[in-house]
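In what follows, a single structure is set out as structure tokens and then discussed.
The values are calculated or read from the model by the stated rules, or taken from the named source; none is laboratory data. Just so you know, these numbers come straight off a predicted model, no measurement behind them. For neighbour counting, all protein chains shown are included, and Cβ atoms are generated from backbone atoms with ideal geometry for every residue, glycine included.
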Amino acid sequence: MLKVRIIPTLLWKDLGLVKGIAFDSWRRVGTVLPAVKVYNMREVDELIVLDITASREHREPDYEAVAEFSGDCFVPLTIGGGIREMDHIKKLLRSGADKIAINSAAYDDPELITRAAMHFGSQCVVASIDARKSDDGAHYCYSLCGSKPMGREVVAWAMELERLGAGEILITSVENDGTMNGYDLDLLRKVSENVGIPVIASGGAGNYQHMADAVSIGKSSAVAAASMFHFTEQTPLSAKQFLQENGIPVRNANMRQ
């Protein structure tokens, strides 16, 4: 089993960081650069920074801001939001991003995933899926920060994204996001069992046991979290130590706080 990664997620809106519940009721939680500096010292494996308004506002990523905070980021950095063209990806990588996350644009131009994977390498391409559970128990895809139904069943879309060349899938439960009540384990398991690329669990982490469940029950390769790191005393390093104590391999679990 590959070592499980702990990945804080930073949601970026109007120059600051926010966190909400179910992609709504956003509250300010600081700014990007100080958060990046803090996580540098907390033994995280990677960071994900998502500009949650760029796609909805039909604007490009803020390359200047990415260049500024990426210079102080010493772990692999994934940037998402507003990416619609190959040139956007090129500029983000030049600005300091290590990976890019594509969500809304993949529905309009699926071959963007393929072009990006062929040109920059599939390890650079994270396909992001925001999912809602329907009354019949199936999960369906939404774009534009969980606001627009796409009429696609999640597992089928995840399999298609893998076929197109994505190197990883970031799967977020819209309903569970920000609740700290746990990940949607059924969603994670269904996606993980039907693709051969790593799946990053997102949406709902509230404690270390939730992370362990995402790996053992949800079959995830990595766990992303925001609220539990913003609003509780729990830390990425303590999360690693908990996972290791429960037989889940992680990196650098024996470092001091």
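Considering only residues in the range 164-214 that are in contact with a Leu (Cβ under 8 Å, 6 or more places away or on another chain) and in a helix (DSSP H, G or I), the one that is nearest to ASP109 (Cα to Cα) turns out to be ALA214. Pairs are defined by a Cβ separation below 9 Å, a sequence spacing of at least 6 or placement on different chains, a first member in the range 2-30 that is under 10 Å from ILE52 (Cβ atoms) and in a strand (DSSP E or B), and a second member that is at pLDDT below 70 and among the aromatic types (Phe, Trp, Tyr); the pairs so defined are LEU11/TRP26; LYS13/TRP26; VAL18/TRP26; GLY20/TRP26. When the range 233-252 is limited to residues that are in contact (Cβ under 8 Å) with a residue 40 or more places away in the chain and not in a helix (DSSP H, G or I), the one that is farthest from ASP186 (Cα to Cα) turns out to be ASN252. Selection of the range 100-157 for residues being of a type in the set (Asp, Glu) and either touching a residue at least 24 places away in the same chain (Cβ under 8 Å) or closer than 18 Å to GLY82 by Cβ (or both) yields ASP108, ASP109, GLU111, ASP130. Test each condition in (1) part of a strand (DSSP E or B); (2) free of Cβ contacts under 8 Å to residues at least 60 places away in the same chain for ALA97 and report the one that comes out false. That leaves (1) as the condition not met. Number of residues in the range 105-151 that are surrounded by fewer than 17 Cβ atoms within 10 Å (Cβ to Cβ), among the charged types (D, E, K, R) and not in a helix (DSSP H, G or I): the value is 4. Of all residues in the range 79-94, those that are touching a residue at least 60 places away in the same chain (Cβ under 8 Å) have Cβ atoms under 8 Å from Cβ atoms of residues that are among the aromatic types (Phe, Trp, Tyr) and crowded, with 24+ Cβ neighbours inside 10 Å, 6 or more apart or on another chain, in GLY81/TRP12. One residue stands out among those in the range 197-213 that are under 14 Å from the mean Cα position of the chain (by Cα) and small (Gly, Ala, Ser): the one that is surrounded by the fewest Cβ atoms within 10 Å (Cβ to Cβ), which is GLY204. Screening GLU60, GLU64, GLU68 for residues that are over 21 Å from CYS141 (Cα atoms), of a type outside the set (Ser, Thr, Tyr), out of contact with any Pro (no Cβ under 6 Å at 6 or more places or on another chain) and assigned to a loop (DSSP other than H, G, I, E, B) leaves exactly one candidate, GLU60.
Could you say whether any residue in the range 184-196 is without any contact (Cβ under 8 Å) to a residue 60 or more places away in the chain, closer than 23 Å to GLY247 by Cα, of a type in the set (A, V, I, L, M, F, W, C) and surrounded by fewer than 22 Cβ atoms within 10 Å (Cβ to Cβ)? Among the residues of the range 184-196, at least one is without any contact (Cβ under 8 Å) to a residue 60 or more places away in the chain, closer than 23 Å to GLY247 by Cα, of a type in the set (A, V, I, L, M, F, W, C) and surrounded by fewer than 22 Cβ atoms within 10 Å (Cβ to Cβ), which makes the answer yes. With respect to the conditions (1) within 11 Å of ILE6 (Cα to Cα); (2) of a type in the set (D, E, K, R); (3) surrounded by 19 or more Cβ atoms within 10 Å (Cβ to Cβ), ARG251 falls short on a single one, namely (3). So, in the range 37-82, of the ones that are surrounded by fewer than 24 Cβ atoms within 10 Å (Cβ to Cβ) and polar (S, T, N, Q), which residue ends up modelled with the lowest pLDDT? By that ranking, first place goes to SER55.
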